[in-house]
Amino acid sequence: MSLKSMYEDSKGNKLPREFIEWVCEKHKLGRLKKIKGYPRNGNINGIIIIRTQKGKYVIRCLTIKTNSERINYIEEILSRLKKEGVPVLRAIKTIEDQYFSIKDDIIIQVYPYIFGYDFIFNRNQVEANAMTLAKFHRALSSFNSGPLPEVFIYPTLENLDMKIQVLSMSNNNVSNYTVSRIVSLFNAINQHWQKFCPSNLPKTIIHDDWHPWNMLYYSDGSIAAILDYDYIQDGERIYDIAYALYYFYKRAPGDKHKLIKLFIKSYGELLEIEKTVLPIVVAKVALFNILFATNSNSERKIKKSVDENEELIKNLLSKGLYF
């Protein structure tokens, strides 16, 4: 079988065959036999799937800024999770015993390929997702905090406020009216948060990107593998729960509230203060998704995101989870 001289990863980056062969040699993957393509679902990093004489692997070309200290810290967390029976993947080391390699100024990590099914809001998947998240949190409840990611998607009020200030001061294509709508939503969330000023929310190491499509599932609904550890950090566990629930509101077919109740029940007991502020935290996640859209610098895309999330935020703040 002949191989092409140039391939494309999931981000559209051109990868010469010699680059991929270098990765195979560096990470002891065996001789390259075939390029299998890349996954359908989006990923912020460049992904390409390969087959070698030893098996199938996933090559990740990182676009998120990171460093060796951060990568090693994440691997320590994954080691703990693996010991506790949480289905995570460990990066394949290089010939120099490192969890990453660098070529042409690109940081590269390699993982074993795992087959799995996508999330389709199956009840078994919902239960497994919530139970696995609870196990993830319990396993890391006493784990030491470490170097933070250089890019934050952790929607605390401080991070949201910082992004809004950047938006307000930058020269972009966002209209004053759209900015005022975003600021109004932030002020409403802040007002509700200040009513409770929760300072004792349970903390652990959180995944911080726990949407249901960041997992692969077996046919019975159980989780085959948790993916994408780029944003792992110390934080309140309620944020991971809220992040998952946000996507139930946005994408679940049929009775969304029934699935949300199932998720919360399957996760396990929450403190009363967590139950109280959970709708506000989901609203924070929704606002963060609006602010994330501002990175596009497109008035049309930003307005669309505001339109899609504004009613959800208002309902969560005024009526709670089950509006």
Candidates W193, W210, W22: whichever shows maximal mean-square fluctuation once the chain is modelled as a Gaussian network with Cα springs under 10 Å: W22
Degrees between helix 238-251 axis and first principal axis of the chain (Cα, 0 to 90, nearest 10): 90 degrees
Two-site label geometry, I102 and S175: point separation in nm, points 7 Å out along Cα→Cβ: 4.6 nm
Violating pairs (Cα-Cα greater than 21 angstrom) within the set K26/K56; K11/K250; K56/K135; K83/K135; K195/K301: K11/K250; K56/K135; K195/K301
Antiparallel bridge percentage (DSSP; both residues within the chain; nearest 5): 95 percent
Charge dipole of the chain about the Cα centre (unit charges at C-beta), most positive-ward option of L201, Y73, P212: P212
Built amide H within the under 5 Å cut-off of A224, gap 5+: L216, Y217, Y218
Mean projection area, nm², convex hull over Cα of region 148-293: 10.3 nm²
Helix 68-83 axis, angle to the chain major axis (alpha carbon atoms, nearest 10°): 80 degrees
Size descriptor, Kirkwood hydrodynamic radius, that averages inverse alpha-carbon separations across the chain, Å: 21.2 Å
Max mean-square fluctuation residue, GNM over the chain, Cα-Cα springs under 10 Å, options A283, A139, A188: A188
Pairwise Cα inverse-distance average, inverted: Kirkwood Rh of region 11-112 (Å): 14.2 Å
Length gained when the stretch M131-K65 is fully extended (0.36 nm per residue, less Cα-Cα span): 20.7 nm
Inter-site label distance for K256 and E21 at 7 Å from Cα along Cβ, in nm: 5.2 nm
Ranked list, fewest to most other Cβ atoms within 10 Å of each Cβ, for H27, H207: H27, H207
Förster radius 41 Å - calculated FRET efficiency between S199 and K54 (Cβ-Cβ, nearest 0.05): 0.20
Helix 17-26 vs. the chain, principal-axis angle (Cα, 0 to 90°, nearest 10): 90 degrees
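Values quoted throughout were computed directly from the atomic coordinates according to the rules given, and no laboratory measurement underlies them. Note that the structure is a prediction, hence the values are computed from the model and not measured. Counting neighbours? That spans all protein chains shown, and the Cβs are built from the backbone with ideal geometry, glycine included.
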